[in-house]
Structures are given as C-alpha cells and as structure tokens.
Amino acid sequence: MTQEPQSKRCISCSIFKKEIEALQASGQLELPVHYLNSMLHMVPVKLEARLQEALGAARTQKPGQEVVIAYGDCCGHMEDFEAAPGTSRTVGINCCEIILGHETYRKLRREGAFFLMPEWALSWRQVFVGQLGLLGPCAKTFMQEMHTRLIYLDTGILPVPHAELAEASAFLGLPLEILPVSLDPLLNNLNQAIQAASRHD
C-alpha cells in the first residue's frame, strides 16, 4: 500500500503575499499559505504570539502536517519555533535577504542600502512616522547616519509606486534606486525549507 505524501503548509509574513501568489499562479509553488500581517513586525511580542497561535492551529487541524515558516529573525523565539519536528524556516535574517539571496543582500547592505519591499513602500509613512515616531530633520539625521540610499525591491508584481517612493526619498533624505528583483531566490528558499521540513520529522 502506497503511503500518502505528508501534507505541508506555510505560515508567511504578508510582505511576501503578492510574490507567493504569483509563484502559485504560475505553477511553480504548490503550497497552501496562511499570512500574518507584516505590521506585526513593529511589535515583536505580538508577532511571536500570533505565530505561535498559527503554528498551533496548523498542527491541531491536521496532526503531523509539515510547516514552513516564511520569516526572518523577526521575534525572540523564532529558533524555538523552527526546532519543532516537521517545521523549518526560510534562510535569511529578514525579508529582504530572503527575497534577494544572501550574496546580493550582503553586498547592498555593506554599501549602506536601506530596502523597501512593495507592501511597505505604500505604507512607509505609517512605519516611520506612526510606528517609529520619526519626524522632520530627525528622520533624515537618523537614516543618513546609517544608510547611503533607498532601494525599492521591484519584484514585478505590482506597479512601481513612484509618487510614494519620491515622497519617502525626500522625507528620509536618501537618494532612490529601483532594483528589479527575480522571484527565483524566494522560490529556491521556499523549496529548500519544504525539503528541510521533511527531513526534520
């Protein structure tokens, strides 16, 4: 009797939602995904609680289900979550490394780049002003001390929000670069995590 393949599920930050949906639509990725709001990053304790709830729900609904976590090092107990049997996580310290790949990410970070993913490009003011409380000259001083330019990661799924990016560039005092990004590193990262979850039973 042939054993039925182990079912798999992904819990992902919504920062990847459009990109993962594009991979699913193209037939390159067959994996059901549950998304958590990307703004939870601003409150790591809440993110950790919601992630723990989602993991518990996945295992309760379908015992033995393998779970892939599409997150970087975004909360304190992420390593504990991925250490559970049948669980794995994408490789990368944050969403930008996950989608760019290690080498490209490290190179651009060494050059002082600050990245904006498509989802956060549309809500940059909410992040910097509403969550971080950066206003006026303080925003420019804070950003220019650590960064040389603002890079928008254009994954080709959504139209580039030129107006919002121009506003963000002026507000943060950083020149803007639009970088076309392939979805291949994200797909490879997810596939590696899927395989790792199967080995982690």
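The values are calculated or read from the model by the stated rules, or taken from the named source; none is laboratory data. These numbers come from a predicted model, not from an experiment. Heads up, the Cβs are rebuilt from the backbone with ideal geometry, glycines too, and the neighbour counts pull from every protein chain shown.
Filter segment 40-83 for residues that are in contact (Cβ under 8 Å) with a residue 40 or more places away in the chain and touching a helix residue (DSSP H, G or I) at 6+ places or on another chain (Cβ under 9 Å) and give the result.
Taking segment 40-83 and keeping what is in contact (Cβ under 8 Å) with a residue 40 or more places away in the chain, we get 42, 51, 54-55, 58, 62, 64-71, 74.
Once the filter is applied, which keeps residues that are in contact (Cβ under 8 Å) with a residue 40 or more places away in the chain and touching a helix residue (DSSP H, G or I) at 6+ places or on another chain (Cβ under 9 Å), segment 40-83 yields Met42, Leu51, Leu55, Gln65, Glu66, Val67, Val68, Ile69, Ala70, Tyr71, Cys74.
Collect the residues in segment 29-39 that are in contact with a helix residue (DSSP H, G or I) (Cβ under 6 Å, 6 or more places away or on another chain) and assigned to a loop (DSSP other than H, G, I, E, B), keeping them in residue-number order.
Leu29, Asn37
Name the single residue that is modelled with the lowest pLDDT among those in segment 77-93 being surrounded by fewer than 18 Cβ atoms within 10 Å (Cβ to Cβ) and closer than 27 Å to Leu153 by Cβ.
Looking at residues that are surrounded by fewer than 18 Cβ atoms within 10 Å (Cβ to Cβ) and closer than 27 Å to Leu153 by Cβ, I get Glu79.
Looking only at residues that are surrounded by 14 or more Cβ atoms within 10 Å (Cβ to Cβ) and under 20 Å from Met39 (Cα atoms) in segment 132-142, which one is modelled with the highest pLDDT?
Here is the first cut: in segment 132-142, the ones surrounded by 14 or more Cβ atoms within 10 Å (Cβ to Cβ) are 134, 139-140, 142.
If we keep only those that are under 20 Å from Met39 (Cα atoms) as well, we get 134, 139.
Details: Leu134: 66, Ala139: 78.
Selected residue: Ala139.
Looking at segment 39-76, which of its residues are of a type outside the set (A, V, I, L, M), surrounded by 13 or more Cβ atoms within 10 Å (Cβ to Cβ) and over 19 Å from Asn189 (Cα atoms)?
Answer for segment 39-76, where residues must be of a type outside the set (A, V, I, L, M), surrounded by 13 or more Cβ atoms within 10 Å (Cβ to Cβ) and over 19 Å from Asn189 (Cα atoms): His41, Pro44, Lys46, Glu48, Arg50, Gln52, Arg59, Lys62, Gln65, Cys75.
Output the residue which, of all residues in segment 17-42 that are more than 17 Å from Glu119 (Cβ to Cβ) and hydrophobic (A, V, I, L, M, F, W, C), is modelled with the highest pLDDT.
By that ranking, first place goes to Ala25.
Within segment 5-20, which residues are outside any strand (DSSP E or B), within 14 Å of the chain's Cα centre (by Cα) and not small (Gly, Ala, Ser)? Steps first, answer last, please.
First, the residues of segment 5-20 that are outside any strand (DSSP E or B): 5-7, 14-20.
If we keep only those that are within 14 Å of the chain's Cα centre (by Cα) too, we end up with 14-20.
Answer for segment 5-20, where residues must be outside any strand (DSSP E or B), within 14 Å of the chain's Cα centre (by Cα) and not small (Gly, Ala, Ser): Ile15, Phe16, Lys17, Lys18, Glu19, Ile20.
Pairs only if they're at least six apart or on different chains, beta carbon under 9 angstrom, first in segment 154-168 and of a type in the set (A, V, I, L, M), second part of a loop (DSSP other than H, G, I, E, B); list them, first residue then second.
Close Cβ pairs (under 9 Å, with a partner that is part of a loop (DSSP other than H, G, I, E, B)) amount to Ile157/Leu183; Leu158/Leu122; Ala168/Leu174.
Take the residues in segment 143-162 that are at pLDDT 95 or above and of a type in the set (D, E, K, R); name whichever of them is surrounded by the most Cβ atoms within 10 Å (Cβ to Cβ).
Filtering first and then ranking leaves Asp154.
Can you tell me which residue among Phe114, Phe171 is crowded, with 16+ Cβ neighbours inside 10 Å, over 28 Å from Gln24 (Cα atoms) and either within 17 Å of the chain's Cα centre (by Cα) or among the charged types (D, E, K, R) (or both)?
Working: Phe171 fails: either within 17 Å of the chain's Cα centre (by Cα) or among the charged types (D, E, K, R) (or both).
Result of the check over Phe114, Phe171: Phe114.
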